[in-house]
Amino acid sequence: LLSAAVVLGALFLLWQVRSIIGWGVLALFLAAVLNPAVNWLERRRIKRSIGILLTYLGVVVGLLLVLGIFVPVVYSEIRDLIDFIVAVTQSPGGASEWLRTFLEQLGLGSLFNTLSERLAELPSQLGQLARSFLLSAGGLAVSAATFVSALVTILTLTFFLLLNPEGFMNVGLRLFAEPQRPRVRRLLSQSAGAVSGYITGNLAISFICGVLTFIVLLVLGMPYPAALALLVALLDLIPLVGATLGGALLVVVGFFVSPWTALILLVYVLVYQQFEGSILQPMVYSRAVQLNALVIFIAVLVGAALLGIPGALLAIPVAEIIRIVATDLIEHRSRLAEEETAQGA
């Protein structure tokens with residue numbers, strides 16, 4: 001009874017500090033992503049603490065450049081894009097009339113009417129949302145303060161993890177028996193490599209997707225190419241379904257320009273998805289992730305059900321870590337069984 005009470009008390013305490021545990025997990029993932037850059041700077045004879053600060057500075061400068069250069073343009077384009085779609089759906093003739101006729105032939109005319117009504121209501125809904133944000137400024141201030149405190153905590157934890165990764169690893173290894181420590185160290189190194197490789201690879205693939213989409217939209221003369229390319233790149237971060245959602249968005253917006261534009265965009269989306277799935281992803285993920293499509297699909301579903309979009313984004317590296325540990329455990333048991341058989345013979 002005393003043991004059960006201690007276990008229940010420990011679980012209760014863990015539940016009370018679950019947000020801090022979550023920050024610690026995010027710090028571990030962030031440390032795994034930034035560690036290669038810090039190691040690269042250290043090999044250039046830069047003190048490790050200075051290398052961490054330089055890495056932080058590089059990330060901050062990159063984010064500020066993105067926010068300062070692209071966000072105003074993208075914000076303006078997204079706002080104009082909404083107005084453009086609303087105006088096109090409400091105007092007679094053109095692509096909207098063609099799309100209405102096409103959907104009516106398929107027996108889906110009500111879908112176009114519903115879409116037009118929702119788009120017509122979108123500006124007023126955005127205005128109401130903005131007013132509600134202004135009215136809840138106090139709540140926003142609290143949320144902002146919580147976000148800043150969480151960010152500072154995560155960055156501080158990440159700093160100390162990056163400052164002495166071997167020391168923290170050695171402390172953790174003391175929980176295991178001496179013969180098992182080399183194997184656990186190898187598993188930790190493989191897991192960190194999988195996390196770093198997947199996250200950096202996912203960002204690189206989304207960046208390539210956004211750049212190529214932006215170029216195609218410029219060539220086609222599509223309105224608001226920066227906003228559309230950014231939305232497609234962000235959606236491409238979501239495993240499995242993100243690229244399809246981004247492609248569907250492009251085709252739908254292309255219909256409001258002209259049917260031929262939508263057709264060209266559909267061909268581009270299909271070709272790019274084949275290129276990304278057959279060439280780009282295997283080339284980028286070959287050293288980081290060794291999961292088949294079914295496992296990835298199940299992992300993404302479970303991650304999305306537990307934590308939403310963040311869970312879907314982190315599901316694949318977590319599943320890869322589980323695969324690494326399970327594979328090593330099976331191989332270890334097989335070696336023990338072979339050794340026992342040899343000794344018995």
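The values are calculated or read from the model by the stated rules, or taken from the named source; none is laboratory data. Keep in mind that what you see is a predicted model, and the values were worked out from it rather than measured. Methodologically, a virtual Cβ is constructed for each residue, glycine included, from the backbone with ideal geometry; neighbour enumeration extends over all protein chains shown. For accessibility, only protein heavy atoms count, side chains too; no ligands or nucleic acids. Shrake-Rupley method; radii C 1.70, N 1.55, O 1.52, S 1.80 Å.
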Only one residue in 335, 287 is of a type in the set (Lys, Arg), modelled with pLDDT of 80 or more, under 30 Å from residue 193 (Cα atoms) and open to solvent by 40 Å² or more (accessible area, probe 1.4 Å). Which one? 335
Filtering segment 295-332 down to residues that are farther than 23 Å from residue 189 by Cβ and either loosely packed, with under 13 Cβ neighbours inside 10 Å or charged (D, E, K, R) (or both) yields 305, 306, 308, 309
Please give the number of the condition residue 232 fails out of (1) modelled with pLDDT of 80 or more; (2) open to solvent by 50 Å² or more (accessible area, probe 1.4 Å); (3) not charged (D, E, K, R). (2)
Tabulated pairs, segment 319-344, first under 15 Å from residue 291 (Cα atoms) and in a helix (DSSP H, G or I), second open to solvent by less than 50 Å² (accessible area, probe 1.4 Å) and aromatic (Phe, Trp, Tyr), C-beta under 8 angstrom, 6+ apart or interchain: 320/198
May I ask you to list the residues in segment 229-261 that are of a type in the set (Gly, Ala, Ser) and touching a residue at least 40 places away in the same chain (Cβ under 8 Å)? 258
Examine segment 263-281 for a residue that is part of a loop (DSSP other than H, G, I, E, B), more than 17 Å from residue 225 (Cβ to Cβ) and either without any contact (Cβ under 8 Å) to a residue 12 or more places away in the chain or open to solvent by 70 Å² or more (accessible area, probe 1.4 Å) (or both), and state whether such a residue exists. no
Considering only residues that are without any contact (Cβ under 8 Å) to a residue 12 or more places away in the chain and under 22 Å from the mean Cα position of the chain (by Cα), look in segment 20-56 and name the one that is surrounded by the fewest Cβ atoms within 10 Å (Cβ to Cβ). 21
